[in-house]
Every structure is written in C-alpha cells, then in structure tokens.
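Taken together, the values in this text are just the output of simple stated rules run on the coordinates, not laboratory data. The shown structure was predicted, so the numbers you read here are calculated from the model rather than taken from an experiment. Don't worry about glycine lacking a Cβ; one is built from the backbone with ideal geometry, like all the others, and counts go over all protein chains shown.
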Amino acid sequence: MLELVEVSRIYEMGDNIVHALSGFSYTFRNGSMTVVSGPSGSGKSTLLNLIAATDVPHIRRYKA
Ligand SMILES: Nc1ncnc2c1ncn2[C@@H]1O[C@H](COP(=O)(O)OP(=O)(O)OP(=O)(O)O)[C@@H](O)[C@H]1O
Ligand SMILES: [Mg+2]
C-alpha cells in the first residue's frame with residue numbers, strides 16, 4: 001500500500017510560481033490498478049516523480 005496525504009509540489013521560476021500539485025491525497029492499494037490520466041500540465045509526471053522518490057514534495061508552505 002502507498003498512501004499520499006495532502007501532497008503538494010510547487011515549482012518556482014523567478015516570479016512564476018506553479019502549483020503543480022495542491023493537497024493531493026490518494027491511497028494505492030495492493031492488488032489494485034490505478035490509472036493516472038489528465039490533460040497536459042495537470043501534474044501526472046509531477047505525481048509519478050514524487051512516488052518514485054526522484055523528487056520531494058512540499059509538506060506545507062506558509063506565506064511570509
Ligand atoms: N521542472 C519544472 N519547472 C517548472 N515547472 C514545471 C516543472 N515540471 C513541471 N512544471 C509545471 O507543473 C505543471 C504540471 O506539469 P507535469 O509535467 O507534472 O504535467 P503532466 O500532466 O505530466 O503533463 P504532460 O501530459 O504534458 O506530460 C505544469 O504547469 C508544468 O508546466
Ligand atoms: Mg508528463
């Protein structure tokens with residue numbers, strides 16, 4: 001089982017801030033199949049990179 005709880009990933013490029021994932025929660029259960037689908041830019045690769053641990057999520061982010 002793999003459980004994602006309130007996972008967020010923000011990309012910052014100068015003044016440009018992209019909220020690629022915002023508080024995403026999902027539980028992948030053993031023996032079940034999950035399809036990740038959505039339009040280009042919806043965050044599929046961002047999600048898979050986090051699951052593969054090739055990237056790290058933003059646990060929580062506060063405005064200064
Ligand atoms: N390294 C990065 N730096 C800045 N912005 C990024 C980066 N990677 C992704 N983004 C942005 O994050 C958002 C989600 O991108 P992501 O690549 O996860 O989407 P996707 O669903 O995999 O798209 P596609 O179907 O085109 O592969 C998009 O707005 C994208 O421009
Ligand atoms: Mg992609």
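Annotation for Val36 and Thr54: the two label points, set 7 Å from Cα along the Cα-Cβ direction, are 1.0 nm apart. Averaging the sequence gap over all C-alpha pairs within less than 8 Å and six or more residues apart, then dividing by the number of residues, gives the stretch 2-51 a relative contact order of 33 percent.
In loop segments of the chain as defined by DSSP, the trypsin sites (Lys or Arg not before Pro) with at most 15 further C-beta atoms inside 10 Å of their C-beta are Arg29, Arg60, Arg61, Lys63.
The chymotrypsin sites (Phe, Trp or Tyr not before Pro) found in the chain that occupy coil by DSSP, while having at most 16 further C-beta atoms within 10 Å, are Tyr62.
Based on the Cα atoms of the chain, what semi-axes does the equivalent ellipsoid have, where each is the square root of 5 times one gyration tensor eigenvalue, given in whole Å with the largest first?
23, 14, 10
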